[in-house]
Amino acid sequence: MSEPKLKEHVFLVGFMGAGKSSVARRIARLCGVTSLDMDTYIERAQGKAIRDIFAAGGEGAFRAIETETLLDLASRPEPLIVSCGGGIVTIPENCRIMNDHGTVVHLAVDADEAASRISNKATRPLFNDIESARELCAARMPLYEDVADFTVKTAGKSVSLIARELIDRLTSEGILR
Ligand code: S3P
């Protein structure tokens, strides 16, 4: 069997609207690796939209499902590019799981740029008004930086450019070949 193109899982973290899902999909298409979006995976597995999971059980119920899902995906033998929900870093166990099972990349964005990228904020129960989004983003920034092996700045960049930069970095680090 030929060597896998990805050496280990790559977890994309960052605030809502950072472009994690689009970048993961683009890299998968360009490099022939498998990407997986955690929120989409959770919605399919639960048969419910994220906002309905929040509405039914609150953030705590969602976070429990998120950790269970992360552990399941991280334990898979085939290396994946996983785009994670923006709040994954709020649970220390999630950070440990990601650090133990692969490379973590922070796609950095600020709340104002994120707001301009998110077309349907109703699908994000934790993206309310811009003031609280700025606060949440600032509070999480150290968590993203702590968990990440490296950061890619996304301000003013297209999905193609971010994907290209990330592919170059992963290749130079020997994680992608
Ligand atoms: C969340 C981000 C969302 C989703 C959920 C909670 C957060 O994912 O997981 O609404 O806490 O920031 P995206 O970052 O993909 O929007």
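Across 10 Å bins from 0, what is the distribution of all Cα-Cα pair distances for segment 48-135, in whole percents?
Taking every Cα pair in segment 48-135, the percentages come to 14, 42, 37, 7, 0.
How far, in degrees from 0 to 90, does helix 159-172 lean away from the longest principal axis of the Cα atoms of the chain, to the nearest 10?
50 degrees
Could you give log10 I(q)/I(0) at q = 0.15, 0.22, 0.23, 0.30 Å⁻¹ for segment 3-62, computed by the Debye formula over C-alpha point scatterers of equal weight, without solvent?
Normalising to I(0) and taking log10 leaves -0.57, -0.96, -1.00, -1.22.
Could you state the angle between the C-alpha long axis of helix 20-31 and the longest principal axis of the C-alpha atoms of the chain, as a value from 0 to 90 degrees rounded to the nearest 10?
20 degrees
Please give the helix 92-101 orientation as an angle from the longest Cα principal axis of the chain, in degrees from 0 to 90, rounded to the nearest 10.
10 degrees
Nothing charged except the Cβ atoms of Lys and Arg (+1) and of Asp and Glu (-1): what's the magnitude of the dipole of the chain about its Cα centre? Round to the nearest 20 debye.
Roughly 620 debye for the chain.
On the Cα set of segment 1-155, report Rg and Dmax in Å, please.
15.0, 52
Rounded to whole Hz and in sequence order, give me ³J(HN,Hα) for segment 43-58 from the Karplus expression 6.51 cos²θ - 1.76 cosθ + 1.60, θ = phi - 60°, writing x for Gly and Pro.
With the stated coefficients, segment 43-58 comes to 4, 5, 5, 8, x, 8, 5, 3, 4, 6, 5, 4, 5, 6, x, x Hz.
Coordinate-derived values only; no laboratory data. Note that the structure is a prediction, hence the values are computed from the model and not measured. All Cβ positions, glycine included, derive from the backbone under ideal geometry; neighbour counts span all protein chains shown.
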